[in-house]
1. Between a first residue in segment 1-26 that is under 23 Å from GLY69 (Cβ atoms) and a second residue that is open to solvent by less than 100 Å² (accessible area, probe 1.4 Å) and of a type in the set (Ser, Thr, Tyr), which pairs have beta carbons less than 6 Å apart while being 6 or more apart in sequence or on different chains?
2. Working only within segment 75-91, note down all residues that are open to solvent by 10 Å² or more (accessible area, probe 1.4 Å) and free of Cβ contacts under 8 Å to residues at least 60 places away in the same chain.
3. Are any residues in segment 25-47 open to solvent by 20 Å² or more (accessible area, probe 1.4 Å), assigned to a helix (DSSP H, G or I) and touching a Leu at 6+ places or on another chain (Cβ under 8 Å), and if so, which ones?
4. For the structure I just gave you, tell me whether LEU116 is at pLDDT 95 or above, in contact with a Ser or Thr (Cβ under 7 Å, 6 or more places away or on another chain) and not polar (S, T, N, Q).
5. For VAL63, indicate whether it is surrounded by 15 or more Cβ atoms within 10 Å (Cβ to Cβ) and at pLDDT below 90.
6. Which number in (1) farther than 17 Å from PHE163 by Cα; (2) crowded, with 18+ Cβ neighbours inside 10 Å; (3) of a type in the set (S, T, N, Q) marks the one condition that GLN72 misses?
7. Looking at ILE58, ILE51, which one is open to solvent by less than 30 Å² (accessible area, probe 1.4 Å) and either at pLDDT 95 or above or within 25 Å of GLY111 (Cα to Cα) (or both)?
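The values are calculated or read from the model by the stated rules, or taken from the named source; none is laboratory data. Predicted model, so just to flag it, every value in this text is computed and none were measured. Here Cβ is always computed from backbone atoms with ideal geometry, including for glycine, and neighbour counts include all displayed protein chains. Surface accessibility is based on the protein's heavy atoms, side chains included, excluding ligands, DNA and RNA. Shrake-Rupley method; radii C 1.70, N 1.55, O 1.52, S 1.80 Å.
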Amino acid sequence: KVRVNGDHNELMHDLEVMKRARMVGDETGLPIMLHWTTDRELLNLLKRGDILTHTFTIPTPRVDNLFGGPTQADTVLPQILELKDRGIFTEGQMVNSHHMFEVSEKAFAQGWIPDLLGTDMGAVGKDMPNGILLPWEMTQYLYLGLTVEQVIERVTLTPTKVFKFAEQVGTLAAGAPA
């Protein structure tokens, strides 16, 4: 995961970080997961199979979301819409500071839905291990209008395709690894 600052004023730093990550991704054959940005120069460094994460982020004066900065556009920004045509995956999550429910509702109402769903949460403590929030998050996507099948696909099968796992991983077939 490449965590760029996302601050418009620090673009040169972010471009250098992303160019280095691109080199590593190309050498290893692994996809890049880029922390949220709407900057075209950074997005142009993504290739088919890469991932843009935190799609429902909260807009700030320094960082835009799907609809722009603090002054929100009516529709998803064109450079974000173009990602799907380029074969770049998007990942949405609802569990931490990278989510604003009004943004996800607005995007879903326009038919814009992320390809992958995850929590972006590690273990919070001994009483809250990894993955404990995923079922809760999955219900939020049901509320937004996805079917059970679409939700399950986005947390199981689609990630196995993105990360090129064997076909038996990410399936609910009897006897398959969990």
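1. From segment 1-26, the pairs are VAL4/THR37; GLY6/THR37.
2. Within segment 75-91, THR75, LEU77, PRO78, GLN79, LEU81, GLU82, LYS84, ASP85, ARG86, GLY87, GLU91 meet the criteria.
3. Listed by number, the list holds a single entry, GLU41.
4. no
5. yes
6. For GLN72, the failing item is (2).
7. ILE51
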